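Below: the structure, in structure tokens.
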Amino acid sequence: MNSMVSITFSKLRSLMPLVLESASYLKLLILFGSRVSGNIHPESDWDFAILCEEDLRKQHDTSGWGYYALWSLIPEVFELPDNKVDIVDLSACNPWIVHSIAQEGQLLYEKDLGEFDQFKQHALKTDAELKAYRDQVRQKVRSTLSKWKS
């Protein structure tokens with residue numbers, strides 16, 4: 001069996017103290033995507049969403065590259081190949097992707113109890129908002145296609 005598939009959610013959770021040793025500014029770490037939905041195949045990657053306390057993160061950043069520290073730390077601690085790990089920053093992410101993460105994501109870590117629930121309350125969109133977004137995207141696609149036809 002592929003070792004990447006055999007890593008369990010509980011194993012990831014058990015490794016969180018090692019992540020936090022170097023990234024105490026982490027507020028949320030969420031696993032999402034195929035590893036949560038169960039649609040895993042040999043080429044599946046690992047999708048993680050992060051949320052950080054920016055003031056603390058900046059204090060840890062002595063090199064100017066500190067913002068990206070988690071992008072190398074997470075694969076290293078979880079023993080995953082760099083090219084099989086995707087990380088999105090929830091503070092700089094499309095709100096519709098954030099909605100999807102809030103809807104399907106599994107919490108690996110929250111700094112403060114209830115932080116994940118607060119995130120979900122803020123991030124989840126109503127059915128009306130989702131419909132309006134889909135309609136807007138459809139209209140943009142139609143507009144773009146009509147420009148290509150002319």
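Amide H contacts for Asp86 (H built 1.01 Å from N in the peptide plane; partners 5 or more residues away or on another chain; cut-off under 5 Å): Trp46, Asp47, Phe48. When exposed loop sites are taken as GluC sites (Glu not before Pro) in a DSSP loop with at most 12 other Cβ atoms within 10 Å, the longest stretch of the chain clear of them is 80-150. Using the Cβ-Cβ distance between Leu145 and Leu113 with R0 = 41 Å, the FRET efficiency computed as 1/(1 + (r/R0)^6) comes to roughly 0.25.
Per-residue ellipticity at 222 nm, computed for the chain from helices alone with -39500 (n - 2.57) per DSSP H run of at least four residues, works out to -15000 deg cm²/dmol.
Note on the chain: Cα-only Rg and Dmax are 17.8, 58 Å. A simple charge model with +1 on the Cβ of Lys and Arg, -1 on the Cβ of Asp and Glu and nothing else charged puts the dipole of the range 3-125 at about 240 debye relative to its Cα centre. Placing a pseudo-label 7 Å from each Cα along the Cα-to-Cβ vector at Ser44 and Leu15 gives an inter-label distance of 1.6 nm.
Any read-out appearing in this document is the output of simple, stated calculations on the displayed coordinates, not a laboratory observation. These numbers were taken from a predicted model, which means no experiment stands behind them. We place every Cβ from the backbone using ideal geometry, glycine too, and count neighbours over all the protein chains shown.
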